[in-house]
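Here the structure comes first, spelled out in structure tokens, and everything after it is commentary.
The values are calculated or read from the model by the stated rules, or taken from the named source; none is laboratory data. Model, not experiment: these values are computed from the prediction. Counting neighbours? That spans all protein chains shown, and the Cβs are built from the backbone with ideal geometry, glycine included. In case anyone asks, the SASA skips ligands and DNA or RNA and just uses the protein heavy atoms, side chains included. Shrake-Rupley method; radii C 1.70, N 1.55, O 1.52, S 1.80 Å.
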Amino acid sequence: MKVRLAVNGAAGRMGQRIIALAHQESDMQVVAAIDAPTSPALGRDAGEIAGIGTIGVPITSELPLSVHPDCVIDFSTPAGTKSILAVCVARQIPLIIATTGHSAEQKAEIEAAAHQTAILFSPNMSLVVNLLFKLTRITAEVLRGKGFDVEIVERHHRFKKDAPSGTALRFAEIIREVQGGRFIYGREGLTGERSAEEIGIHAIRGGDNVGEHTIIFTTLGETLELVHKGHSRDSYARGALLAAKYLANRPAGRYTMDDVLGLS
Ligand SMILES: NC(=O)C1=CN([C@@H]2O[C@H](COP(=O)(O)OP(=O)(O)OC[C@H]3O[C@@H](n4cnc5c(N)ncnc54)[C@H](OP(=O)(O)O)[C@@H]3O)[C@@H](O)[C@H]2O)C=CC1
Ligand SMILES: O=C(O)C1=N[C@H](C(=O)O)C[C@H](O)C1
């Protein structure tokens, strides 16, 4: 049985890679491709937009009622997540939310929706970034109370709409869960000396960088840096496809990339 996949944000950078890589999988079939109601890609074939030739799936502004996917992957915008979340809840379709930049209120809505359908919500679908979440937690536990300052630096392409990245925020949350502290977004002016509880978060934007994150643990005399550098969006896309195979036909509930990757 093939996993029937719908993609939200299908004409975007990630949506195109999802469609291209899913098309290569013998056990997957792209059955729907959704994008913004204002998208110039509406009505065009999703495979052509993704650069792989026609696949017989037009880009639409909504999930057609006649199409029944086993799973939806969302790489869009917070507004795009809101629309597809309502559809997936109403139609009981498992949903992978890879979009970032949601408000606290929207994150709460996503968590609540997991009571009604299967939801996997992760700011990063890469295997090794998810491993780095674990390594960061271990490092924070070992260095807790030993006088280390923690700062997080992320770099992304000039087109990215949200800052800091969802992944940087997740790293910061992990530090705060282990050590306590408060987030400081960049610094400017007469800030005074750094206080021990600060967790600095810094966003660099430029060029075509597909994503880099550095978690800096620094003290008087030495520094430890944990670094991930993405080279291609395909690392995120492959993780999302693995997640779709895992989530298809699961009952309602909140699932994580740790479940998918066996990192729990
Ligand atoms: N979790 C992860 O591993 C990763 C997450 N991301 C996140 O995924 C998201 C998308 O990234 P990226 O592909 O680079 O961005 P793009 O801007 O290239 O793609 C987003 C797509 O969503 C479309 N869109 C906008 N509004 C809606 C809507 N209401 N319904 C459906 N589609 C809509 C956009 O259309 P239009 O351009 O016409 O507005 C665009 O085609 C971002 O939030 C990014 O941070 C990215 C990479 C990895
Ligand atoms: O917009 C991107 O490109 C990325 N966004 C995600 C994030 O905000 O964490 C993940 C990855 O870094 C690429």
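Can you pull out the residues in the range 152-168 that are of a type in the set (D, E, K, R) and within 8 Å of ligand 1 (Cβ to nearest atom)?
Within the range 152-168, the subset of a type in the set (D, E, K, R) is 154-155, 158, 160-162.
Matches in the range 152-168: K160, K161, D162.
Go through the residues of the range 51-69 one by one and say whether even a single one is acidic (D, E) and crowded, with 16+ Cβ neighbours inside 10 Å.
We begin by selecting, within the range 51-69, every residue acidic (D, E); these are 62.
Pick out the ones that are also crowded, with 16+ Cβ neighbours inside 10 Å and you get none.
No, the conditions are met nowhere in the range 51-69.
Condition check ((1) out of contact with any Gly (no Cβ under 9 Å at 6 or more places or on another chain); (2) open to solvent by less than 10 Å² (accessible area, probe 1.4 Å); (3) not hydrophobic (A, V, I, L, M, F, W, C)) across all residues:
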| site | (1), (2), (3) |
| --- | --- |
| M1 | yes, no, no |
| A11 | yes, no, no |
| Q16 | no, no, yes |
| S26 | yes, no, yes |
| I34 | no, yes, no |
| T38 | yes, no, yes |
| G43 | yes, no, yes |
Select, from A113, A108, the only residue that is more than 16 Å from ligand 1 (Cβ to nearest atom) and open to solvent by 20 Å² or more (accessible area, probe 1.4 Å). A108
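For I93, indicate whether it is touching a residue at least 24 places away in the same chain (Cβ under 8 Å) and buried (at least 16 other Cβ atoms within 10 Å of the Cβ).
Numbers: touching a residue at least 24 places away in the same chain (Cβ under 8 Å): yes; buried (at least 16 other Cβ atoms within 10 Å of the Cβ): yes.
Against the criterion (touching a residue at least 24 places away in the same chain (Cβ under 8 Å) and buried (at least 16 other Cβ atoms within 10 Å of the Cβ)), I93 qualifies.
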Members of the range 76-98 found to be farther than 19 Å from I18 by Cβ and either modelled with pLDDT under 95 or not in a helix (DSSP H, G or I) (or both), listed by number: Q92
Could you grab the pairs with beta carbons closer than 6 Å, sequence gap of 6+ or different chains, first residue in the range 216-238 and over 22 Å from R144 (Cα atoms), second one assigned to a loop (DSSP other than H, G, I, E, B) and open to solvent by less than 50 Å² (accessible area, probe 1.4 Å)? G230/V210; G230/G211; R233/V210; S235/S126; Y236/M125; Y236/S126
